[in-house]
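What follows is one structure encoded as C-alpha cells, with my remarks underneath.
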Amino acid sequence: MKKIVIIIFLILASLYALETSAAVGLSQFKPQLTINYTANEYVLSWPKLPYPVLYQVEALSTPPGDDQLEAGSSERIVSYRTVKNKLVIDENFPFHTYWRVSAQTLFHRPLGKYSNYISLSEVNGQETEDFDKVKPQPTSFYPASQPASTRPILTWTVVPGAVYYELEFLTAPPENPNDVLPSENQIRITREVFTNGYQADFSWYEGECILWRVRALNQKGNPLGVFSNTAELWMNRDVAAPVKPALNNRSKFAALPVPLYPAYSWIPLHGAISYEVELTRRPPENPNGIEPSQYRIWSKTVTNLNDCYDDQPRLVPGIYYWRVRGIDAAGNPVGVYSDTAEYTVDLSRGQYAATFGDSITHGGGAISYSPADYEYSFQSYLHFPAVNLGKSGDTSETMLARFDHDVLPFRPKFLIILGGTNSLRGGVPAAQVIADLGSIRDKCFVNGIRPIFLTLPPINPAAIDTAFNEETVSNWQEEFAAVNHFIRQQRYYIDIEPYFTDINHELPDHLAIDGLHPDIEGKKLMAQVINAHWARVVR
C-alpha cells in the first residue's frame, strides 16, 4: 500500500515539475485560436498540445483585458470543455461575444496563458465596421417575359435591425451601385416602408421598364448598410394589379409553437389606411372574398400598416386560420381578403417549460418588429422546448391577474419569469412589484411548477423617449436594483442583468435600439445565458 502511495506521489510530483518547468515550456503555453464560419456553424480550432490536457472554451460578453486572468462570473456567458482541439457552435450566439481557449490540467487552471480572443464579428472578415456594407436582396422579379401590373408588390430580404427602408426608382442603372448615396438617375424615392415589402404605384410612369433598389435605415434615418443590387421591373398595363395583402411569413423558426398571444404580419396594400384581421376555426368558405367568414371567432381592426397583436389568449387546442383585408378612408374594403394562413395550438408543447412576462418575453424589437418576427424572440435560441406565454404591455399586476387563466392550462414543469419593467418605469414602487412576483412564485409552487426568475435587464430612458415619446421615472435604477435584489434571493433564478449593463448602468444601444426591447443580438444573448445556467436551475 505504501509503495502505491509513493508511486502516485512521484507521478504527481513529476507532472507538477513538468508543468512548471521553464525549460519544458508548458507554463508558457498559449493556444492560438481560429474561428471559421461554415454551413451556419462556427468551427473553433487550435493546435493540440502534446500533453494530456482538457481544453476549456469560453464565451465572454466583453473583451478580456489580460491573457492570464480568469473572467468574472458576470463576464463569462458560457464555457465548454473538450479533450479535442476543435469545437463547433451554432449561429445562435450574438456577434458581440468574445471567445478564447485555455488548457486545463491537474495543477494549473489554465496551463500557461489564455489564447488570443476572437469576436464572432471578426470571423471571415465580418468586422463590425463591415456591417455597414450589408445590403438587402430583392426577392420579387418582373422580367419582360413576366411583366407586372402598374401596382406591383416588391419584396426583399430582411436586414436585421432595420427600422424602415428606402426605395429608389431609377430610369437607368445607378452610377454608384451598392453605395449609400442616391443615384443621379433617381426619379422617385419613398421611405414610408416599415417591413420588407411594398406595393408601388407606377400609374404615373409612362415607360414599360423601371429600375428599383432598396436600402435599410436605422431609427434616425441613417443608412444601415448599402443599397441592394438594382432590379429591373417590366410592366404591362393590361396586367391586373394585386388586390389582396400579401402575408409576410418571414420566419425561419416556423417549427416553434405559436405564442399564446399570436401576432399577425403582412405587406401593406396601396390605398389602405387600416386593416381588419379575421380569425376562424375552419377554412373560410369564401377565400379571397370581401365578406367576413361565417366561421369567424375573432376580428380586430388596426391602423398599424403591417402587423396586429391578438388580444385574446389562444388556449383551445386545434387549428386556427387567419387572413387580413385592407380598408380605405371611407371604411370600404380595399380589394379582397388575403390568402389564409394557419397555425396550431397544442397545449402539450408547453408541458416542459414556458416563458411568462411582458413584451421582452412576448417578442419583437428594433421598433418595427412584432412577436410575429421570431428572430426577435429569445425562445427561438433556447436549447430546450418552451412555449411563449408573454403578453406585450404586461405589468407585474396584470401578470399575476392572468396567471391562473394563461399558465395553468399548460402545466409547465418550469416557468421562466421576467416581469416588472413596465411597472417600475411607470412609477410603481418596487415593493409592489416584489409582492406581485412573490405571489406568482407562490402560485407556481402550489401548482407544482418550478418558478425560474430572470433578473431585470436595465433600460435606457433617453432611447425610450426617442422611440416612443414616453418618460421614465427618475429613480428607476434604484427600483430595478431593489427588485433584482429580491430575485437574487430566490431559490431558482438566472442573473441576466450584468450582461446587459453598460458603464452608465443602462441598456446599450447595440442590444436594444429603442432602449427597452432587446433586438436580435440581445435576444440571442438572453437565450445563451439561460442555456448556460439551465442545468443548474432544473436539477
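List the trypsin sites (Lys or Arg not before Pro) within segment 123-226 that fall in a DSSP loop (any state other than H, G, I, E or B) and whose Cβ has at most 16 other Cβ atoms within 10 Å.
Answer in residue order: LYS220.
Could you tell me which of rounded, prolate or oblate describes segment 187-269, using a ≥ b ≥ c as the square roots of the eigenvalues of the alpha-carbon gyration tensor, with rounded for a/c under 1.5 and, failing that, prolate when a/b is larger than b/c and oblate otherwise?
oblate
About the Cα centre, and with charges only on the beta carbon of Lys, Arg (+1) and Asp, Glu (-1), how big is the dipole of segment 244-345? Nearest 20 debye, please.
Charge dipole, segment 244-345, about its Cα centre: 240 debye, nearest 20.
What is the order of CYS209, CYS444, fewest Cβ neighbours within 10 Å to most?
Listing CYS209, CYS444 from fewest to most nearby Cβ atoms yields CYS209, CYS444.
How high is the FRET efficiency from ILE503 to ASP346, r the C-beta distance, R0 35 Å, rounded to 0.05?
It comes to 0.20.
Relative to the Cα centre, what is the charge dipole magnitude of the chain, using +1 at the beta carbon of each Lys and Arg, -1 at the beta carbon of each Asp and Glu, and rounding to the nearest 20 debye?
Around 2620 debye, computed over the chain.
Hey, which of these cross-link pairs are over 26 Å Cα-Cα: LYS220/LYS391; LYS391/LYS523; LYS300/LYS391?
LYS220/LYS391
Could you work out how much longer the chain between ALA240 and ASP442 gets when fully extended? Use 0.36 nm per residue separation minus the Cα distance between them, nm to one decimal.
Going from the current span to full extension adds 66.7 nm.
Between beta-carbons, use under 12 Å as the cut-off and find the net charge around MET235, counting Lys and Arg +1, Asp and Glu -1.
-3
Starting with the fewest neighbours, write out THR395, THR421, THR303 ranked by other beta-carbon atoms found within 10 Å of each beta-carbon.
THR303, THR395, THR421
Work out the charge dipole of the chain with +1 on the Cβ of Lys and Arg and -1 on the Cβ of Asp and Glu about the Cα centre, then indicate which of ILE189, ASN249, ALA467 is farthest towards its positive end.
ASN249
Label 7 Å along Cα→Cβ of LEU49; segment 63-98 residues with amide nitrogen under 17 Å?
Hits in segment 63-98 for LEU49 at 17 Å: 67-71, 80-87.
Please give every one of the lysines within straight-line cross-link reach of LYS48, meaning a C-alpha to C-alpha distance under 25 Å, and leave out same-chain neighbours fewer than 8 residues apart.
Qualifying lysines at Cα under 25 Å: LYS30, LYS84, LYS86, LYS113.
Which residue, TRP534, THR361, LEU279, has the largest displacement toward the positive end of the dipole of the chain when charges sit on each Cβ (Lys, Arg +1; Asp, Glu -1)?
Toward the positive end, the furthest listed residue is TRP534.
Hey, what did the chain get for relative contact order, percent, Cα under 8 Å, at least 6 apart?
Once normalised by length, the contact order is 11 percent.
The list (i) 98, 61, 45; (ii) 73, 51, 50; (iii) 79, 66, 48 gives values of Cα extents along the principal axes in Å, and only one came from this structure; which label was calculated from it?
Derived directly from the coordinates: (i).
Given the rule -39500 (n - 2.57) for each run of at least 4 DSSP H residues, summed and divided by the residues of the chain, what is its mean residue ellipticity at 222 nm, to the nearest 500 deg cm²/dmol?
Calculated at 222 nm, the ellipticity per residue is -5500 deg cm²/dmol.
Cut-off is 10 Å between beta-carbons; in what order do HIS533, HIS405 appear when sorted fewest neighbours first?
So the residues, fewest neighbours to most, are HIS405, HIS533.
Rule-based calculations on the coordinates, nothing more; no lab input. Small disclaimer: the values here were computed from a predicted structure and weren't measured. Positions of Cβ are generated from backbone atoms using ideal geometry, with glycine treated the same way; all protein chains shown enter the neighbour counts.
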